[in-house]
Structures are given as structure tokens and as C-alpha cells.
Amino acid sequence: MNPIRIAKNWMSYRRTLAELGNLSNQALSDIGITRYEIRNIASRSFR
């Protein structure tokens, strides 16, 4: 994998973490996820 793709994937991972982390517990519940699942979901963007 090339370094540019790795950097883009890492930025996407961090952005997803930040965006989901900023949601309220109610908003997370509305979309069907918990705070515990945020890292797991964000890691999908890093693969």
C-alpha cells in the first residue's frame, strides 16, 4: 500500500472518530450504535 493511501485512510479514520464522538448519546442511539462501537466503525475506514 502506498504512503499517500495510508495517510488518506488515517485521516478518514480520525475524521470518523471525531464526527461520531461529537454526537450525543441520543443521536448515536437513533442511528443504532453505542460509544463502545465508534472505534470499530471508524477502523473500517482505515482498511
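Nonpolar atom fraction for the chain, defined as the carbon and sulfur part of the 1.4 Å probe accessible area, stands at 53 percent.
Scaling against 2.2 N^0.38 Å puts the C-alpha radius of gyration of the chain at 1.26. With protein chains left intact and a 1.4 Å probe, residues in the chain average 82 Å² of accessible area per residue. Across the stretch 3-46, the mean sequence separation of Cα contacts (distance under 8 Å, 6 or more residues apart), normalised by length, yields a relative contact order of 56 percent. Listed values for the stretch 7-24 are Karplus-derived 3J(HN,Hα) couplings in whole Hz (6.51 cos²θ - 1.76 cosθ + 1.60, θ = phi - 60°), namely 5, 5, 5, 5, 5, 5, 4, 5, 5, 5, 4, 5, 5, 5, x, 7, 6, 6, and x replaces Gly and Pro. Per-peptide packing, taken as the mean over residues of other Cβ atoms within 10 Å, places 3-10, 37-44 in the sequence 37-44, 3-10 from highest down. Ordering Pro3, Ile33, Asn22 by the projection of their Cα atoms onto the charge dipole of the chain, which places +1 on the Cβ of Lys and Arg and -1 on the Cβ of Asp and Glu, puts Pro3 at the extreme positive end.
The values are calculated or read from the model by the stated rules, or taken from the named source; none is laboratory data. Bear in mind the structure is a predicted one, so any value in this text is a computation, not a measurement. No Cβ is skipped: glycine too gets one built from the backbone with ideal geometry, and neighbour counts run over all protein chains shown. Note: areas computed on protein heavy atoms with side chains; ligands, DNA, RNA excluded. Shrake-Rupley method; radii C 1.70, N 1.55, O 1.52, S 1.80 Å.
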